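Peer 1: Submitted below is the structure of interest, expressed as C-alpha cells.
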Amino acid sequence: MTAPRTIGIGILGFGTVGQGVWKHLHEKQADLESRLGVKLDLRKASVRDLKKKRAVKIPASKLTKNPNEIIDDPKVHVVCELIGGTTKARELTLRALRLGKVVVSANKALLCEHGPEIMQAVRQHGGQFLFEASVAGGIPIIKAIREGLVANRFELIVGILNGTCNHILTRMGEDGLSFADALKEAQELGYAEADPTRRHRFRRHRRHRRRHRRPHRRHPAGPFARRPRRPREGRPRPAHGLDRRDRLALLPAPLAARQGRRLRRHLPHLLEA
C-alpha cells in the first residue's frame, strides 16, 4: 500500500486566530487525516515574542520569529496567513505564492487592497490563494457563489458581515448592552482588535492616506469588496466605494434591541452594496 501523502502546514501569526487554528488542527488531526486521506504535519508558527505566555500549548521548537523560515521550508505546502494588516502580510503572501505554495488567509484588508496583485501572482506561479475564511465569519459562501450560483446576478447582499459584528449585535439585541460595552467584551474575548482605531496605510489615487480602522465601518465593508456583482466578474470593488453607515452602533441599547428584532427589514437599507 502506498504511504499517504504528507501535507506540511505553517502558520504566520499566532494571536487569537492563529492559536485557534493550531489548536483545532492538533486536536482534530487524526479525524482530518482520516477524512482527507493524507498526513498533516504542523511544522511551525511565527510569532513576534518567543517568551510570551499563550493559551495554546506548543513546543518551543515549533515557534520562530522569522516567518520566511516557514515560507522557505520545502516541507511546508500550506501557509496560513493570520498576521493581519496589509504590509507585512502582503510581502509574505506574495513570497509564498511565488514559490507555488497554497496560501490560506482570513485577512479582509489584504484582499481588499491587494487582491488583483495577489491573484496575478497566483496565475503566474501556479500557487493557490484561498480566502473563504475572510468572508462572513468563514461561512462557505465563496464556493457556493463561484460554483452553485455561477449563473446568477446579485443586486443585493444582506447580512451581518463578520464574527465581531455578530457578537456585538447579539449582545446589544438580546442582552441590552451598549455598543461600547459589547465592543469591550469582544476585545476581551479576542474577537475584536484591542485598539479598533489602530491606523493603517492604504493606497488611493496614487497617494498614501491614513484611515481609522473601526469595527463598524471599514472592516465589515471588506466582504462586499471581495464579492463582485457577478460571480466571475474580475477585479473586486474597493471597500472605500461602499456605503458603510453604522446606525446600529450609535443607538442606545433598548433601541438597538428593537432594531435587532427588526433587523431583517432594516438591513437592506443599511448594508446595500
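The values are calculated or read from the model by the stated rules, or taken from the named source; none is laboratory data. Treat the numbers as computed from the prediction; the structure is a model and nothing was measured. With ideal geometry, Cβ positions are generated from the backbone for all residues, glycine too; neighbour counts draw on all protein chains shown.
Peer 1: Can we say ILE83 is within 20 Å of the chain's Cα centre (by Cα), in the same structural domain as LEU94 (by TED's automatic domain parsing) and within 17 Å of VAL17 (Cα to Cα)? Explain how you work it out, then say what you get.
Peer 2: Details: within 20 Å of the chain's Cα centre (by Cα): yes; in the same structural domain as LEU94 (by TED's automatic domain parsing): yes; within 17 Å of VAL17 (Cα to Cα): yes.
Yes: the conditions hold for ILE83.
Peer 1: Still on this structure, I have one more. Would you check which residues across the range 133-153 are surrounded by fewer than 16 Cβ atoms within 10 Å (Cβ to Cβ) and touching a Pro at 6+ places or on another chain (Cβ under 8 Å) and list them? I'd like the intermediate steps shown before the answer.
Peer 2: Step one: list which residues in the range 133-153 are surrounded by fewer than 16 Cβ atoms within 10 Å (Cβ to Cβ), which gives 138-140, 143-144, 146-153.
Those that are surrounded by fewer than 16 Cβ atoms within 10 Å (Cβ to Cβ) and touching a Pro at 6+ places or on another chain (Cβ under 8 Å): ARG146, LEU149, VAL150, ASN152.
Peer 1: Given (1) at pLDDT 90 or above; (2) basic (Lys, Arg); (3) in a loop (DSSP other than H, G, I, E, B), where does LYS51 come up short, assuming only one miss?
Peer 2: Result: LYS51 fails condition (1) only.
Peer 1: Give just the number: which of (1) under 22 Å from the mean Cα position of the chain (by Cα); (2) of a type in the set (Lys, Arg); (3) part of a loop (DSSP other than H, G, I, E, B) does LYS23 not satisfy?
Peer 2: Going through the list (1) under 22 Å from the mean Cα position of the chain (by Cα); (2) of a type in the set (Lys, Arg); (3) part of a loop (DSSP other than H, G, I, E, B), LYS23 breaks only (3).
Peer 1: Cβ-Cβ distance below 8 Å, separation of 6 or more or different chains: which pairs start in the range 15-28 with a residue that is in the same structural domain as GLY84 (by TED's automatic domain parsing) and end on one that is assigned to a helix (DSSP H, G or I)?
Peer 2: Qualifying pairs under 8 Å: LEU25/LEU32.
Peer 1: If you don't mind, there's one more thing I want to ask. For the range 143-179, how many residues meet the condition of being under 23 Å from the mean Cα position of the chain (by Cα) and in a helix (DSSP H, G or I)?
Peer 2: Residues in the range 143-179 being under 23 Å from the mean Cα position of the chain (by Cα) and in a helix (DSSP H, G or I): 16 in total.
Peer 1: Looking at the structure I just gave you, is GLU117 assigned by TED's automatic domain parsing to the domain that holds PHE129, surrounded by fewer than 22 Cβ atoms within 10 Å (Cβ to Cβ) and within 21 Å of PHE129 (Cβ to Cβ)? Working first, answer last.
Peer 2: Values: assigned by TED's automatic domain parsing to the domain that holds PHE129: yes; surrounded by fewer than 22 Cβ atoms within 10 Å (Cβ to Cβ): yes; within 21 Å of PHE129 (Cβ to Cβ): yes.
Yes, satisfied.
Peer 1: Tell me yes or no: at least one residue of the range 129-141 is touching a His at 6+ places or on another chain (Cβ under 8 Å) and either acidic (Asp, Glu) or assigned to a helix (DSSP H, G or I) (or both).
Peer 2: Going residue by residue through the range 129-141, those that are touching a His at 6+ places or on another chain (Cβ under 8 Å) are none.
No, that holds for no residue.
Peer 1: Here's something else I'd like to know. Any chance the range 56-65 includes a residue that's under 27 Å from GLN124 (Cα atoms) and assigned by TED's automatic domain parsing to the domain that holds PHE129?
Peer 2: Initial filter on the range 56-65 (under 27 Å from GLN124 (Cα atoms)): none.
There is no residue in the range 56-65 that is under 27 Å from GLN124 (Cα atoms) and assigned by TED's automatic domain parsing to the domain that holds PHE129.
Peer 1: Would you check if ALA96 is hydrophobic (A, V, I, L, M, F, W, C), exposed (fewer than 15 other Cβ atoms within 10 Å of the Cβ) and without any contact (Cβ under 8 Å) to a residue 60 or more places away in the chain? Full working, then the answer.
Peer 2: Details: hydrophobic (A, V, I, L, M, F, W, C): yes; exposed (fewer than 15 other Cβ atoms within 10 Å of the Cβ): no; without any contact (Cβ under 8 Å) to a residue 60 or more places away in the chain: yes.
Answer is no for this residue.
Peer 1: Which of the residues that make up the range 54-88 are among the aliphatic types (A, V, I, L, M) and crowded, with 22+ Cβ neighbours inside 10 Å? Let's see the steps before the verdict.
Peer 2: First, pick out the residues of the range 54-88 that are among the aliphatic types (A, V, I, L, M): 55-56, 58, 60, 63, 70-71, 76, 78-79, 82-83.
Scanning the range 54-88 gives ILE70, ILE71, VAL76, VAL79, LEU82, ILE83.
Peer 1: Identify, from the list LEU94, LEU40, the residue that is part of a helix (DSSP H, G or I) and in contact with a helix residue (DSSP H, G or I) (Cβ under 6 Å, 6 or more places away or on another chain).
Peer 2: Values: LEU40 fails: part of a helix (DSSP H, G or I).
Only one candidate qualifies: LEU94.
Peer 1: Checking the structure you have, find out if any residue of the range 92-105 is of a type in the set (D, E, K, R) and under 16 Å from the mean Cα position of the chain (by Cα). Walk me through how you get there before you give the answer.
Peer 2: Going through the range 92-105, the residues of a type in the set (D, E, K, R) turn out to be 95, 98, 101.
After this cut, where a residue has to be under 16 Å from the mean Cα position of the chain (by Cα) as well, the list is none.
No: the range 92-105 contains no residue that is of a type in the set (D, E, K, R) and under 16 Å from the mean Cα position of the chain (by Cα).
Peer 1: I've got another one for you. In the range 18-38, is there at least one residue being touching a Gly at 6+ places or on another chain (Cβ under 8 Å) and closer than 28 Å to GLU117 by Cα?
Peer 2: So the first thing to find is which residues in the range 18-38 are touching a Gly at 6+ places or on another chain (Cβ under 8 Å), and the list is none.
No, the range 18-38 has no match at all.
Peer 1: Please work out if GLY127 is more than 21 Å from VAL17 (Cα to Cα), in contact (Cβ under 8 Å) with a residue 24 or more places away in the chain and of a type in the set (Gly, Ala, Ser).
Peer 2: On the way: more than 21 Å from VAL17 (Cα to Cα): yes; in contact (Cβ under 8 Å) with a residue 24 or more places away in the chain: yes; of a type in the set (Gly, Ala, Ser): yes.
The answer is yes for GLY127.
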